[in-house]
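Asks: The following block contains the structure, expressed as structure tokens.
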Amino acid sequence: MTERDMANVDERVLPARGFIAAEMQRGQRLRVTDLEGGQVGDLVAFAGHTLAEKLWISNTIRLNKTIYLGAGHVLYSELSRPLLSILDTNCARHTLLAGSCNAEIDKVRYGVDDHRGCVENFVDALRPWGARREDIPMSFNIFMNSPVQVDGSFSIERPVSKAGDFIELRAEVDLIVALSNCPQDLNPCNAGAPKTLGWQLSGTPS
Ligand SMILES: [Zn+2]
């Protein structure tokens, strides 16, 4: 990071179950860090400064030809425009298939009422841009471990991420990004208990 970049860093600790959203300019970087180990962050993004053109997971799977993203892979919009590219990560498992937890699915799968999830976090995080629930796209699941077996079976397992593991992304267009520090405590997604995540936005726009 150059001296000029150092002066332009927004660094915070997201509390367990917390959320954040921000506008990024093309060329700026976002680093998400698993500060304690075993914690998932769901990420969504939108091209430009409105919620019209969303992150689109099926395009991202088809264009990267994988459901597990790592360095060199790209998150695409519904118009197949590159939104964010992954510059680096030291965690072997991030996934595209798990979607976001929310009160409705947790009622169906676990029988609990009003169990706040990542979708509710995204609506609140993106409220300054006018978000409604239907604006929230399927998310990219940072540090999430949802393996798919050769017979097609899918499961949610404990993350393999350790304390200090990170992913660094670069904005390929001006965009809005939101991160939900996953509140899920009813399956192994967050290794049993929601924990903190680190958020660092940096870099001089190109
Ligand atoms: Zn979640």
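Each value in this text was obtained by applying a stated rule to the coordinates, not by laboratory testing. The structure presented is a predicted model; accordingly, all values stated were derived computationally and were not measured. We place every Cβ from the backbone using ideal geometry, glycine too, and count neighbours over all the protein chains shown.
Asks: For the range 30-130, what does the convex hull of the Cα positions come to per residue, in cubic angstrom? Can you show the working numbers first?
Replies: Numbers: hull volume 13.6 nm³, N = 101.
Expressed per residue, the convex hull around the Cα atoms of the range 30-130 is 135 Å³.
Asks: For the range 62-206, what is Rg from Cα atoms divided by 2.2 N^0.38 Å, rounded to two decimals?
Replies: Normalised Cα radius of gyration, the range 62-206: 1.07.
Asks: Still on this model: Arranged by the count of other C-beta atoms within 10 angstrom, fewest first, what order do CYS91, CYS182 take?
Replies: In order of increasing Cβ crowding within 10 Å: CYS91, CYS182.
Asks: Scan the chain and report its longest stretch carrying no trypsin sites (Lys or Arg not before Pro) that are both in a DSSP loop and have at most 10 other Cβ atoms within 10 Å.
Replies: It runs 133-206.
Asks: Now for a different question. Note the full-extension length gain between SER85 and GLN25 as 0.36 nm times their separation in residues minus their Cα-Cα distance, in nm to one decimal.
Replies: 20.3 nm
Asks: So what is Rg over Rh here for the range 1-85, counting just Cα atoms and using Kirkwood for Rh?
Replies: 0.97
Asks: How high is the relative contact order of the chain, given as a whole-number percent (alpha carbon pairs under 8 Å, six or more residues apart)? The partial results should precede the final answer.
Replies: Values: 548 pairs, mean separation 90.3, N = 206.
Relative contact order for the chain comes out at 44 percent.
Asks: Looking only at the range 128-164, which residues have a backbone nitrogen under 17 Å from a spot 7 Å from the Cα of ILE105 in the C-beta direction?
Replies: Answer for this model: 133-149, 153-159.
Asks: Test of understanding: extend the Cα→C-beta vector of GLU11 to 7 Å, then name every residue of the range 158-194 with backbone N under 19 Å from that spot.
Replies: The answer is 163-170.
Asks: Return MET138, MET24, MET144 ranked ascending by Cβ neighbour count within 10 Å, so the fewest neighbours appear first.
Replies: Values: MET138 18, MET24 23, MET144 27.
Placing the least packed residue first, the sequence is MET138, MET24, MET144.
Asks: What number, in percent, do you get for the relative contact order of the range 93-185 if the mean sequence gap of Cα pairs under 8 Å and at least 6 apart is divided by its residue count?
Replies: Numbers: 108 pairs, mean separation 31.8, N = 93.
Value for the range 93-185: 34 percent.
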